[in-house]
There are 4 protein chains.
Amino acid sequence: MSALDRTDPAGAVAAAAARCSNWGRWGDDDVKGTLNLVTDDHRRRAAGLVRRGAAFSLAQPFDMDGPQQGWRRRTNPVHTMLDTGVDAEFADQGLPHGIGGADDVVAMPLQCSTQWDGLGHIFDHGRAWNGRRASAVVTSDGDGVTGMETVAGDFTGRGVLLDVGRHLGTDPAGTGGELPDGFAITAEHLDATVAAQGPTSAVGPGDFLVVRTGQYGRTRRDGWGSYAGGPAPGLSFTTVDWLREHDVAAVATDTWGFEVRPNEFDDAFQPLHQVVIPHLGLFLGEMWALEELGADCAADGTYEFLLTAPPLPITGAVGSPINPIALK
Amino acid sequence: MSALDRTDPAGAVAAAAARCSNWGRWGDDDVKGTLNLVTDDHRRRAAGLVRRGAAFSLAQPFDMDGPQQGWRRRTNPVHTMLDTGVDAEFADQGLPHGIGGADDVVAMPLQCSTQWDGLGHIFDHGRAWNGRRASAVVTSDGDGVTGMETVAGDFTGRGVLLDVGRHLGTDPAGTGGELPDGFAITAEHLDATVAAQGPTSAVGPGDFLVVRTGQYGRTRRDGWGSYAGGPAPGLSFTTVDWLREHDVAAVATDTWGFEVRPNEFDDAFQPLHQVVIPHLGLFLGEMWALEELGADCAADGTYEFLLTAPPLPITGAVGSPINPIALK
Amino acid sequence: MSALDRTDPAGAVAAAAARCSNWGRWGDDDVKGTLNLVTDDHRRRAAGLVRRGAAFSLAQPFDMDGPQQGWRRRTNPVHTMLDTGVDAEFADQGLPHGIGGADDVVAMPLQCSTQWDGLGHIFDHGRAWNGRRASAVVTSDGDGVTGMETVAGDFTGRGVLLDVGRHLGTDPAGTGGELPDGFAITAEHLDATVAAQGPTSAVGPGDFLVVRTGQYGRTRRDGWGSYAGGPAPGLSFTTVDWLREHDVAAVATDTWGFEVRPNEFDDAFQPLHQVVIPHLGLFLGEMWALEELGADCAADGTYEFLLTAPPLPITGAVGSPINPIALK
Amino acid sequence: MSALDRTDPAGAVAAAAARCSNWGRWGDDDVKGTLNLVTDDHRRRAAGLVRRGAAFSLAQPFDMDGPQQGWRRRTNPVHTMLDTGVDAEFADQGLPHGIGGADDVVAMPLQCSTQWDGLGHIFDHGRAWNGRRASAVVTSDGDGVTGMETVAGDFTGRGVLLDVGRHLGTDPAGTGGELPDGFAITAEHLDATVAAQGPTSAVGPGDFLVVRTGQYGRTRRDGWGSYAGGPAPGLSFTTVDWLREHDVAAVATDTWGFEVRPNEFDDAFQPLHQVVIPHLGLFLGEMWALEELGADCAADGTYEFLLTAPPLPITGAVGSPINPIALK
């Protein structure tokens, strides 16, 4: 791919969309996009990758100490109690025979922490996945076409970790390697990481590609800073062809926004989203916690696993908080 | 076990707790209860059960059309949009190069739909799991000891469906069989279902026991009625010994409250909860959607599968909404 | 006014809008509608109506026992605690020198209980108050033009209670008189009530007209039933000219929806709203608690008072919960 | 009053409570505290203060651009739309005859912006107002004794503005005068301000005392900084006797926490709250917007007005967001 013209994000988006579009590939009525690539046979083989039975949670903590600072009215999760153990022990809960209970409530943006972006999350010039009009997909009632409930059972398959932070980054504090903010991961970087990691890292159709930059680990050491919305390492706009050619089912990173920030154009906002979600029908995972998994993969040299990352099937949601599980 | 004395739930609870308690079994500091029974080796073997790669979501829809009617301030999930596709197409979202976006928020009780009960959810006479004082575990700040974040990676293992509704119920509308409200499933009923279903249904240590009564299917046909809190088929109080002897890691049902309603005592509220959560350290799944899985198991005669049901790791939560995935 | 053609609500709306419109009356930039009629002099005279200093709260309770049943995702208010007195007395709140605290949170639809409808609440064929395009007024970011914050200080003035329930209704249980559901209050009914109540009930420009039907009192006796959205007494569509001629600043009732339900057309939804909000710029108060005030006015024969009903200035809100205070 | 011993906040609290307590003053069952001092006659005379009919809203904006930064899980208000004007104009809302609508929801801590502290908000050594046990007053179900609904109609009376910022502060930017953070307003400062302002500023029983420090105006110029919880001018702990002797019904300021911050003891947290709420039964207003009212009072030399500041009667609430209205 030729060099990007930093002054023309709209032109780059249009050209990439023309080259890589999946519109119509799975029929006019399709709501699953690249998840169509995850077949029963793919999942059967993915289960066969489990060798030790070790399970890894790839979710960040969901609480008020999270990274959100109010952008787009995104707060951190507010968790409140309806009943507590203190009540059960010292107050009258009105229950018989000594039983007591605690109960709770949460209010949160669906994309405040570890999450999937759904296909209704991003539009290009008023067009949603498969060419639909955005206004016909997501109203104030939610996403009536591609809401997360339509893919409730589809996020299980072979996961592959490309630990770019470890293989191409520096390791300032012995935490496993990390890329600096603003580092644009290119197709060459992805290929080099595959080569460095060895054969368990080959990426093919229907795989869930998980990219570790190390930025989340850096926040565990240095504090959140502007993790939610600020500068970050991430995928280069130029990886769109690589993603399309490898036909991955989804891509997840340990950063807020999946693609490199600042973006690679002078005046831009998430142009890679603008291609991959509405034109490829690609699901994006963001804010995943990959430190423990990264260390384990480095230790045993095995970068593939069974990934199960089920969204909450909130009707009409354009994204979902998740707790992805990697089983090795 | 002898017949229950309907007038003495407190006595029955105390006796069952004395017979079946797991306090101290995994050390004084334990926060995982019966999930300790799920080992890497167990998970490895569970992955080996995957034959076809078929994935089933066991979650009910999360939306305002749910069963909650306000009990304990439990509402149905309220999902609202922060940005929409209609805005993206027709209003000015303030974004460059034609990108548009939708974003959303949810407010919901953690136990309003398909969920896990955590160990901080129920107490017996002011005592929580492992003998701790309830007031030292769950305050208004949440569960500081056994919050769901402490078991974020532990809900993967062998699942076994006991379709009691199909094997012992009636099938009024060809929906697969269902038990009437108030039907108390005993140890004998569980054993008979295992026998009827065949060898893939054997239940052992660390297994996730999934019991289908058919009540959820009935609501899909007849409407919610009082599903959230009303009469229901469910486990008899007398199954506590069976659960302890089989050393299951968790039990999930397709009903609101896991145990039979009305309860089997004259003036009672969920006495089986009062034993199994604080004394056994057992995790309970409630409001699971088992119609599709039940039909598939009946069709292929295989009732075991890899279950992955990760909770959202909301810090201090005493329960979590989930989307359990069964992989066969 | 001639009889309504039950088959043509759109025609009736258009004709009423043509007769009564206030578009442009207070300039093209106006955001206050009929609140422009409330001048300093009006408020000064209203304060002069206070004779005894008796204050009446006209708000219904805000809690989970309210009337909402989920229509339009409207729940009742969910009030949860962040800290409690039980914690302060028995748990460690981490505070010095014996201080303890309680704190709380609410989640609620802005129109779930006693409230004002703002000018951004209702549109006619895509047009908002003063002829603006609806899409230019209320996006997912809220009402950027006529949000409640623009009228934060404008809801103080002379209130007049027209107790139609008492004067034209029946009194089945000695609760002060009530109209049956479906009773359409016409201009003649309003005039007759003014005449029956005497000179303190005269209605003029800038007044806050408060109409008691008695339906709320009926729910206190018989239960909510379908109070939030069901049949109700209320203003007839034909009162639009009366409201315009009397130039009231606002109208409030003790019912869910201000106008009679079922509406007076065969297939209709709140046609009087469709005229008075976007075309007159009239603010509507709904679900007010008028039982105590009604009894007091009947007792002393004085139906006018100083009304102060300040909205919460939530930026961009199209309505607001309120606690209106009548001072006699 | 003698100088404070900075090392003994508990002793100072106990001594002040012993000197100033109102426990039992209005009977053992009392739930209104100092609001008992607001009589009908007081309100009648307060209405007589209205000379021009000018109304002032004393509320800050309620939105995501507020001061909250997460302390005590306090977020800024999250306002989301259920329906919008964009939907009404361009999407199908399913409504007849051209009517369209917008609707909205808010989630917010009750004390996130302009508010009243209720009597259940603060405790002293496990004791609430009137000597009740804190655990018997505020559980996870809310304040079952002194919830804001019990004083729904009681916040109307004579307001007096003491503009200490204007009279004793500096005026760095021509904004009317402001006190520096950490400035402790003493009884002498209050008396001096009364003297400087003249006879309309006399403070007596049942009055609503409103104290302007100018800090809020400073935030409008310089940004929020740590307004919600950080250093601030405010009342000195030593004013407790003055407040008790003048028998005010309530005190409100334009700061987050009413009393001076840092507090006047070495290791302390809001010791004046600990005396005045549980022992005096005094209601506190916080985060009021007093810039416009302060300028008007300075201009016309009249510092008294009719104040109406009704709380939302949220059942069991320990505080309430408000929009106070001053009518001059």
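The values are calculated or read from the model by the stated rules, or taken from the named source; none is laboratory data. Please read all numbers here as calculations on a predicted model, not as lab measurements. Cβ placement follows ideal geometry from the backbone for every residue including glycine, while neighbour counts extend to all protein chains displayed. Please note that ligands, DNA and RNA were not included when accessible areas were found on the heavy atoms of the full protein model with its side chains. Shrake-Rupley method; radii C 1.70, N 1.55, O 1.52, S 1.80 Å.
Can you give the mean number of other chain Cβ atoms that lie within 10 Å of the Cβ atoms in peptide A:129-139? It would help to have the intermediate numbers written out before the result.
Working: counts 0, 0, 0, 1, 5, 10, 12, 6, 6, 15, 15.
Averaged over the peptide's residues, the number is 6.
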If you count the DSSP beta bridges with both ends in chain A, what percent of them are antiparallel, to the nearest 5? 65 percent
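From the P(r) of chain D, could you give the percentage of C-alpha pairs in the tail past 26 Å?
Here the tail beyond 26 Å accounts for 48 percent of pairs.
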Considering only protein heavy atoms, what per residue accessible area in square angstrom results for the protein assembly as shown with a 1.4 angstrom probe? 29 Å²
How shielded is D:267-276 by partner chains, expressed as the average number of their Cβ atoms within 10 Å of its Cβ atoms? 3
Charge dipole (debye, nearest 20) of chain A; +1 at Cβ of Lys and Arg, -1 at Cβ of Asp and Glu: 580 debye
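Counting Lys and Arg as +1 and Asp and Glu as -1, what is the net charge of the other residues whose Cβ lies under 14 Å from the Cβ of B:Thr7?
Local net charge: -4.
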To the nearest whole number, what is the average tally of beta carbon atoms from other chains within 10 Å of the beta carbons of peptide D:34-47? 3
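Just the number, please: percent antiparallel of the DSSP beta bridges in the protein assembly as shown, rounded to the nearest 5. It would help to have the intermediate numbers written out before the result.
Values: 139 of 199 bridges.
Looking only at bridges with both residues in the protein assembly as shown, the antiparallel portion is about 70 percent.
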Order of B:222-230, A:45-53, C:81-89, A:103-111 by packing, highest average Cβ count within 10 Å first? C:81-89, A:103-111, A:45-53, B:222-230
Ignoring ligands, DNA and RNA, please state the percent of accessible area on chain D from carbon and sulfur, probe 1.4 Å. 50 percent
Once the other residues with Cβ under 11 Å from the Cβ of C:Asn76 are scored (Lys, Arg +1; Asp, Glu -1), what is the net sum? 0
Nearest 100 Å², what total accessible surface is buried between chain B and chain A (probe 1.4 Å)? 7000 Å²
Ratio of the protein assembly as shown's C-alpha Rg to 2.2 N^0.38 Å, to two decimals? 0.95
If the label point sits 7 Å along Cα→Cβ of B:Arg44, residues of the range A:29-65 with amide N under 17 Å come out as A:47-56
Under the rule of -39500 (n - 2.57) per DSSP H run of 4 or more residues, summed and divided by the residues of the protein assembly as shown, what mean residue ellipticity at 222 nm is obtained, to the nearest 500 deg cm²/dmol? -6000 deg cm²/dmol
Taking the full set of protein chains and a 1.4 angstrom probe, give the accessible area of B:Thr150 in square angstrom, rounded to the nearest 10. 40 Å²
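Calculate, for B:Ala202 and A:Ala195, the FRET efficiency according to 1/(1 + (r/R0)^6) with r their C-beta to C-beta distance and R0 41 Å; round to the nearest 0.05. Display every interim value, and only then the final one.
Details: r = 46 Å, r/R0 = 1.12.
Efficiency at R0 = 41 Å is approximately 0.35.
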Please report, in debye to the nearest 20, how large the charge dipole of the protein assembly as shown is about its Cα centre when each Lys and Arg carries +1 at its beta carbon and each Asp and Glu carries -1 there. 0 debye
